[in-house]
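Data block below; observations after.
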Amino acid sequence: MSTADPALRGAVEALLFVSDEPVTASRIGEILEVSAQTVSAVLSELAEEYRAGERGFQLREVAGGWRLYTHPAYHDQIEQYVLSWDTRRLSQAALEALAVIAYHQPVTRAGVNAVRGVNSEAVISSLIEKGLVRELGRNPDAGNAIIYGTTRTFLEKFGLKDLADLPPLEEFAPDPRTEEAIRERLGSPTFTPSAGDDDAASDGAGERDGASSLDISGDGGGTDDADVVGID
């Protein structure tokens, strides 16, 4: 049973409904003139209430804040009713590049190319336009090449609290020989690889830029539209 003031709960819900991006407990607290701790308690209570009641929406903590999302169980019905923000598609090529950047950031374009096996310049530019990838700076050890990383929008659109929520790479690991080959590619001096070498995005997959696409945002890989996979 709720222990929070009904008026406070209602105010928090109202702010969540009008927010088009994750909002922090401290920001809500500023607006409502209550402590962030109090708001955090209300948010957790609401999230559990929605979950237990199997509501048509969920309250999730993502990208450092809280946001309401439609329940995944009803995505088919929602897709039939409205066109969501992701009517612009993210191609297989863009997915590959995004996976490499997500798991290996900060990474240079040459580093992405090394894993995918093809030039990724256009794809990365498209990901930047969509707000999923950004320039983090330059790598003086790689000819002052630009290094890339994911954005807060990336976390938000994929429903991640932070990068630690990315699926373990072990779930996608190929055979040992392929893994070692990719490790060698990632060992080039163009960038410093992270602890787990990304095999989810490649294994020659860059040669197949005409595969499935994901409903996320404007196609960044040219002629790569086929099956569409919906996400929140």
| Qualifying residue in segment 64-77 (condition: hydrophobic (A, V, I, L, M, F, W, C), modelled with pLDDT of 90 or more, within 30 Å of GLN37 (Cα to Cα) and outside any helix (DSSP H, G or I)) | yes
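Out of the residues in segment 17-34 that are hydrophobic (A, V, I, L, M, F, W, C), under 23 Å from LEU160 (Cα atoms) and modelled with pLDDT of 95 or more, which is surrounded by the most Cβ atoms within 10 Å (Cβ to Cβ)?
The first filter runs over segment 17-34 and keeps only residues hydrophobic (A, V, I, L, M, F, W, C), leaving 17-18, 23, 25, 28, 31-32, 34.
Adding the requirement that they be under 23 Å from LEU160 (Cα atoms) leaves 17-18, 23, 25, 28.
Applying the additional criterion that residues be modelled with pLDDT of 95 or more yields 25, 28.
Values: ALA25: 22, ILE28: 24.
Among them, the one singled out is ILE28.
Within segment 121-137, which residues are more than 19 Å from the chain's Cα centre (by Cα) and either among the hydroxyl-bearing types (Ser, Thr, Tyr) or modelled with pLDDT of 90 or more (or both)? Even if it seems obvious, please write down each step before you answer.
Going through segment 121-137, the residues more than 19 Å from the chain's Cα centre (by Cα) turn out to be 121-122, 137.
GLY137 - this is the single residue of segment 121-137 that is more than 19 Å from the chain's Cα centre (by Cα) and either among the hydroxyl-bearing types (Ser, Thr, Tyr) or modelled with pLDDT of 90 or more (or both).
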| Since ALA63 meets every condition but one in (1) in contact with a Pro (Cβ under 6 Å, 6 or more places away or on another chain); (2) on the phi < 0 side of the Ramachandran plot, which condition does it not meet? | (2)
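Anything in segment 128-166 that is part of a loop (DSSP other than H, G, I, E, B) and among the basic types (Lys, Arg)? List them, or say none. Before you say what the answer is, go through the steps one by one.
So in segment 128-166, the residues part of a loop (DSSP other than H, G, I, E, B) come out as 130-132, 143-144, 151, 158-162, 166.
Matches in segment 128-166: LYS130, LYS161.
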| query | How many residues does segment 123-151 contain that are in contact with a Gly (Cβ under 7 Å, 6 or more places away or on another chain) and more than 19 Å from GLU96 (Cβ to Cβ)? | reply | 1
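Restricting to segment 35-59, and then to whatever is outside any helix (DSSP H, G or I) and touching a helix residue (DSSP H, G or I) at 6+ places or on another chain (Cβ under 7 Å), can you tell me which residue is surrounded by the most Cβ atoms within 10 Å (Cβ to Cβ)?
Step one: filter segment 35-59 for residues outside any helix (DSSP H, G or I), giving 35, 53-59.
From the residues that got through so far, the ones that are touching a helix residue (DSSP H, G or I) at 6+ places or on another chain (Cβ under 7 Å) too are 35, 56-59.
Values: SER35: 12, GLY56: 12, PHE57: 13, GLN58: 18, LEU59: 21.
That would be LEU59.
The values are calculated or read from the model by the stated rules, or taken from the named source; none is laboratory data. The structure presented is a predicted model; accordingly, all values stated were derived computationally and were not measured. Using ideal geometry, Cβ is built from the backbone for each residue, glycine included, and neighbour counts are taken over all protein chains shown.
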